[in-house]
1. Which percent of the Cα-Cα distances in the range 14-256 go past 32 Å?
2. Please identify the trypsin sites (Lys or Arg not before Pro) of the range 13-89 that satisfy two criteria: DSSP loop assignment and at most 10 other Cβ atoms within 10 Å. Which are they?
3. Which whole-Hz ³J(HN,Hα) couplings does the range 271-285 yield from phi under the Karplus relation 6.51 cos²θ - 1.76 cosθ + 1.60, θ = phi - 60°, glycine and proline marked x?
4. So for each of 324-330, 227-233, 26-32, 97-103 I average, over its residues, the number of other beta carbons within 10 Å; can you give me the resulting order with the highest mean first?
5. Before rounding to the nearest 500, sum -39500 (n - 2.57) across all DSSP H runs of length at least 4 in the chain and divide by the residue total; then give [θ] at 222 nm in deg cm²/dmol.
6. Could you give me the ³J(HN,Hα) list for the range 179-189, computed from phi with Karplus coefficients 6.51, -1.76, 1.60 and θ = phi - 60°, whole Hz, x at Gly and Pro?
7. Over 10 Å intervals from 0, what percent of Cα-Cα pairs in the range 80-202 sits in each interval?
8. How would you rank 123-133, 207-217, 268-278, highest first, on the average number of other Cβ atoms within 10 Å across their residues?
Amino acid sequence: MTTKSLLLTRTSRTVPDVSYLRGALELGDGCVAYLQPDGGWGWSNAGLVVGDGASLLIDTLFDLELTAEMLGSFAPHTRSAPITTLLNTHANGDHCYGNQLVEGAEIIASSSAAHEMAEVPPSMLAALNAAPGELGELFRGFFGAFRFDGIEQRLPTRTFDGRLDVEVGGRVVELIEVGPAHTRGDVIAHVPDARTVFTGDILFVGGTPIVWAGPLSNWIAACDLMLGMDVETVVPGHGPVTDKSGVVAVRDYLAYLDDEATKRHAVGMDAFDAARDIAREMGVTGRSFAALGEFGRVSVNVETVYRTLDASHRSPDVVEQFKRMAMIEGRVDG
């Protein structure tokens with residue numbers, strides 16, 4: 001039996017905000033979000049914090065064309081307040097591959113994120129997209145909309161661990177390391193005077209969170225940290241701008257997944273079988289998580305729970321991980 005017939009034929013996303021449009025969205029108080037619907041694989045968000053004569057850019061995008069378009073949309077702000085600082089919230093390419101276009105800026109990331117960036121150069125994704133046969137077909141199904149050729153990777157020029165407060169044109173932005181969670185070195189950017197937080201991929205709205213690094217408890221703790229902040233506006237790494245309700249939704253998914261995967265690990269169930277079983281249960285019980293986009297990420301998340309519970313557990317390589325996600329979503333047979 002194929003996974004398609006077993007579980008899902010849909011990969012569409014549900015997003016709650018009808019104002020979720022591509023481009024710059026003014027948030028007020030000198031903060032701007034840049035949104036890329038539908039928020040699926042590679043379609044990430046970024047942000048700008050504008051001070052007196054200087055701006056902080058939060059993340060670049062997956063390729064140079066997309067990043068150039070974003071920088072152009074920010075020009076009304078950056079003509080008088082140039083980007084002097086760039087924060088990469090984590091190492092995934094859809095948040096840092098456009099760095100080379102931000103000339104003259106100091107690039108900041110956590111130490112762990114900077115190390116991880118060097119491990120996944122744009123040339124790797126370019127090669128996977130261009131690969132012949134099933135391998136190329138698989139990766140083009142996820143990343144075929146992006147152009148990775150010609151990208152010169154620019155790594156951070158300043159790193160930190162834990163927390164770093166940066167001054168941007170008279171404003172303070174708090175950079176807080178909350179990883180390892182989504183990746184090994186996730187950072188959120190809190191703008192206290194605007195009651196706004198830019199979360200990077202610590203928040204997915206309308207899409208399934210993917211826990212490459214974990215443990216899930218760290219990510220849940222990051223959600224709790226944000227819920228304790230005096231913030232009204234929350235800009236996720238993917239999906240529409242939200243408020244604390246979006247943080248709660250991600251926390252609830254992670255807590256549910258952690259609990260369900262732990263139960264199956266305790267009875268000796270194989271990790272991929274556990275992922276498919278959890279997916280079935282979500283669909284049968286009508287859990288709202290079953291309506292999230294990129295539903296197949298459950299397989300990666302279960303693998304992370306299993307590694308946390310058992311240090312000897314070995315997850316499959318990244319190619320197999322993507323294949324399994326595609327199988328659960330019904331993109332390929334399995």
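1. Here the tail beyond 32 Å accounts for 13 percent of pairs.
2. Hits after loop and neighbour filter: Arg79.
3. Values per residue, Gly and Pro as x: 4, 6, 4, 5, 4, 5, 5, 5, 4, 4, 4, 4, x, 5, 7 Hz.
4. Descending packing order for the listed peptides: 324-330, 97-103, 26-32, 227-233.
5. Helix contribution divided over all residues of the chain: -11000 deg cm²/dmol.
6. So the J values, rounded to whole Hz, are x, x, 8, 4, 10, 6, x, 5, 10, 10, 10.
7. Result, from short to long distances: 13, 38, 32, 14, 3, 0 percent.
8. 207-217, 268-278, 123-133
Computed from the coordinates by the stated procedures, all read-outs in this text should not be read as laboratory data. Keep in mind it's a predicted model, so treat the numbers as computed, not measured. Counting neighbours? That spans all protein chains shown, and the Cβs are built from the backbone with ideal geometry, glycine included.
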